[in-house]
Amino acid sequence: MENIQSLPIDIQSSKLLDWLLDRRHCNLKWQSAVKTIREKINAAIQDMPENQEITQLLSGSYIHYFHCLRIVEILRGTEASSKNIFGRYSSQRMKDWQEIVSLYEADNVYLAEVASLLSRNVSYEGPALRKQLAKAKQLQQELSRREVECQSSAADLRERYYAACKQYGITGENVPRELQALVKDLPAVLEEVGKDSGKLEEQIRLYAAFTNFVCEWSDPVLPMLTFAQTRGNTTFYEWRTGKVPTVVERPAAEAAPSGSATDDMIDWGDFGKGADPAGVNSGIAVEDGVDWGISVEPNSEDTGAGGIDWGDSDAAPIEIEIVDVGTDCPEGVARGEDASTVLENSQSRSQFIDELMELEVFLTQRISEMGEEGDVVSMSQFQLAPSIVQNQTQKHVREMLSQVQDLLHRLTTLRMQHLFMIQASPRYVERVSEVLRQKLKQADILVLKGATMVEKRQEALEEQSRLEPRVDLLAGCTRDLQKLIEADVSKRYNSRPVNLMGVNI
């Protein structure tokens with residue numbers, strides 16, 4: 001018997017209410033009784049004395065039986081003066097709360113209620129609060145990560161913006177103005193390239209001699225390079241005609257003169273003179289005063305049904321004379337494209353670059369071949385070659401190649417390509433400016449997005465701060481309920497130890 005008395009009673013918290021009902025400690029209809037008790041509690045708390053502990057009990061969580069017991073104890077002190085000569089309380093407050101305690105104790109309704117409350121805290125309330133708390137913490141981590149990503153992406157976009165500006169050769173403070181300013185320096189840069197092309201005489205002579213010896217090619221090679229080498233970056237007119245222009249008329253962007261015609265000043269001539277006063281007939285025809293260039297001979301036998309002379313097959317064919325572009329310019333005047341230099345003109349510049357690349361490939365191949373011409377057979381192949389071909393060394397050819405590559409690099413850099421595009425199309429400046437502006441705009445949007453992440457992270461932190469006290473309060477209330485229930489059940493089994501299992505908030 002003593003061994004049984006010392007054995008603990010272990011009850012799973014989720015099965016506590018079923019355990020109490022199975023052992024007939026509580027009635028199956030306890031919920032209807034609790035409903036009546038809750039109504040009386042809601043009525044009783046409307047009239048309570050000023051007491052700090054009572055206020056704390058009523059402002060806390062769910063009011064259960066053990067709270068009501070404590071309220072009765074407090075009222076015994078505050079309502080002591082309301083006892084009559086028989087020792088009973090005449091205070092309505094005391095009567096109300098004593099009735100509530102009596103209703104709770106009938107059929108152990110209180111035990112079923114606190115068991116249900118404990119199970120709900122363990123199975124539902126606690127997990128829900130923990131889930132919200134974990135979500136708030138996870139959200140903070142996610143928002144912190146996204147904030148760092150926004151800052152990093154914004155910094156990357158700004159770096160790409162300034163890297164792109166550096167490629168264009170500008171600072172990026174005022175992109176359109178800086179791009180236009182670069183074009184002003186372009187003629188000086190091209191003039192310098194044209195001047196340095198004069199150093200390619202030996203390379204051109206070597207290439208011409210080599211092609212003539214190997215291929216017996218007597219036609220001139222590298223015509224554009226030869227022209228630029230002797231005359232520099234001169235006008236396209238001089239390249240096209242071979243003559244130096246007497247006058248060069250460079251195009252200039254000027255404002256329209258103040259005396260230019262506008263829509264209000266257009267002279268329409270005698271259009272419609274002699275027409276009907278309304279100005280418009282049922283058709284579009286204007287009867288008099290307009291010569292449309294159509295011969296109308298109603299009395300002629302050769303005309304068609306509509307009176308229009310379409311001509312005949314025996315008439316002499318119409319001769320169309322095609323006039324070359326620029327023939328309207330006086331002799332010796334470079335105008336329009338002719339006024340641009342050979343390196344400004346896209347057609348001649350492309351030819352200049354192509355010939356530079358052709359010369360570069362030749363010199364590169366020649367260096368490779370000279371490294372393999374150590375045997376007697378290879379040397380004998382060039383015994384009859386011109387002296388300029390035979391007397392070259394690898395070192396000297398490399399120096400010539402370096403000069404060619406330097407000129408080629410100066411004309412084909414990304415910056416120069418942009419400058420040529422800007423010069424050819426003013427709208428290109430707008431497109432480039434817009435592309436660069438979009439990078440900065442995206443960076444600004446990411447900065448704002450990062451600020452939004454900071455605000456949301458702060459909200460999640462506040463949510464965490466609000467949930468943590470609720471979790472602690474629920475855990476504390478649940479532990480108190482656990483102890484009270486264990487003590488109450490233990491009294492029913494001769495003070496055997498009772499353990500509620502799985503109580504974890």
Label point 7 Å out from residue 167 along Cα-to-Cβ: which residues of the range 411-426 have amide N under 16 Å? 412-422
Can you list the lysines whose alpha carbon is less than 21 Å from that of residue 199, not counting same-chain residues fewer than 8 positions off? 395
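So how do 469-478, 388-397 stack up, highest first, on mean other-Cβ count within 10 Å? Each step should come with its number before you reach the end.
On the way: 469-478: 15.2, 388-397: 13.4.
Packing order, densest peptide first, comes out as 469-478, 388-397.
Show me the ranking of peptides 33-40, 108-115 by mean Cβ neighbours inside 10 Å, starting with the highest. All intermediate terms of the calculation are to be shown ahead of the outcome.
Working: 33-40: 15.0, 108-115: 23.2.
Peptide ranking by packing, descending: 108-115, 33-40.
Quick one: pull the percentage of alpha-carbon pairs in the range 90-182 with a separation above 19 Å. Walk me through the intermediate numbers first.
Numbers: 3128 of 4278 pairs.
Here the long-distance tail beyond 19 Å is 73 percent of all Cα pairs in the range 90-182.
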Students sometimes get this wrong: rank 215, 150 by accessible area, probe 1.4 Å, all chains present, largest first. 215, 150
Taking the simple approach of a point 7 Å from Cα along Cα-to-Cβ for both residue 475 and residue 120, what is their distance in nm? 2.2 nm
So what J values fall out for the range 31-42 if you push phi through Karplus, 6.51 cos²θ - 1.76 cosθ + 1.60 with θ = phi - 60°, rounded to Hz, Gly and Pro as x? 5, 5, 5, 5, 4, 5, 5, 5, 5, 5, 5, 4
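Label the range 363-505 by shape, choosing from rounded, prolate and oblate, from the square roots a ≥ b ≥ c of the eigenvalues of the Cα gyration tensor; if a/c is under 1.5 it is rounded, and otherwise prolate applies when a/b is larger than b/c, oblate when it is not. Could the numbers behind the result be given before it?
Values: a/c = 10.85, a/b = 2.92, b/c = 3.72.
Cα axes put the range 363-505 in the oblate bin.
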Scan around residue 9 for amide H atoms under 5 Å from its own, H built in the peptide plane at 1.01 Å from N, and keep only partners 5 or more places away or cross-chain. 498, 499
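Which order do you get for 124, 207 if you rank them by accessible area with a 1.4 Å probe, largest at the top? Working shown, then result.
Details: 124 155, 207 25 Å².
Putting 124, 207 in descending order of accessible area: 124, 207.
Using the beta-carbon distance between residue 333 and residue 145 and R0 = 56 Å, what value does 1/(1 + (r/R0)^6) give for FRET efficiency, to the nearest 0.05? Could you put the intermediate results ahead of the total?
Details: r = 69 Å, r/R0 = 1.24.
With a Förster radius of 56 Å, E is 0.20.
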Backbone HN-Hα couplings from phi across the range 405-419 [Karplus 6.51/-1.76/1.60, Hz, Gly and Pro as x]: 5, 5, 5, 5, 5, 5, 9, 10, 5, 4, 5, 5, 4, 5, 5
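Give me the number: length gained by fully extending residue 358 to residue 410, i.e. 0.36 nm times residue separation minus the C-alpha to C-alpha distance, one decimal in nm.
Details: separation 52, 0.36 × 52 = 18.72 nm, distance 1.62 nm.
Answer, rounded to one decimal: 17.1 nm.
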Starting at the first residue of the range 347-359, write each ³J(HN,Hα) from the Karplus equation 6.51 cos²θ - 1.76 cosθ + 1.60 with θ = phi - 60°, in whole Hz, x for Gly and Pro. 5, 5, 5, 4, 5, 4, 5, 4, 6, 4, 5, 4, 5
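Shape verdict for the range 147-255, please, from the Cα gyration tensor: rounded (a/c under 1.5), prolate (a/b greater than b/c) or oblate.
On the way: a/c = 4.31, a/b = 1.81, b/c = 2.39.
Oblate shape, in that a/c is at least 1.5 and b/c is the bigger or equal ratio.
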So, taking all protein chains as they sit and a 1.4 Å probe, how much accessible area belongs to residue 118, in Å² rounded to tens? 0 Å²
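DSSP loop (so not H, G, I, E, B), at most 15 other Cβ within 10 Å: list which GluC sites (Glu not before Pro) in the range 125-213 pass both filters.
Numbers: sites: 125, 142, 147, 149, 159, 173, 178, 191, 192, 201, 202; in loops: 173.
Within the range 125-213, the qualifying GluC sites (Glu not before Pro) (loop, at most 15 other Cβ atoms within 10 Å) are 173.
I want the local charge near residue 14. Using Cβ-Cβ distances under 15 Å, sum +1 for each Lys or Arg and -1 for each Asp or Glu among the other residues. Could the numbers behind the result be given before it?
Details: positive: 15, 120; negative: 10, 18, 22, 125.
Around residue 14, the surrounding residues sum to -2.
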So, taking all protein chains as they sit and a 1.4 Å probe, how much accessible area belongs to residue 22, in Å² rounded to tens? 110 Å²
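The values are calculated or read from the model by the stated rules, or taken from the named source; none is laboratory data. The structure presented is a predicted model; accordingly, all values stated were derived computationally and were not measured. A quick note on method: Cβ atoms are made from the backbone with ideal geometry, for glycine too, and the neighbour counts reach across all protein chains shown. These accessible areas exclude ligands, DNA and RNA; they are computed on the full protein's heavy atoms, side chains included. Shrake-Rupley method; radii C 1.70, N 1.55, O 1.52, S 1.80 Å.
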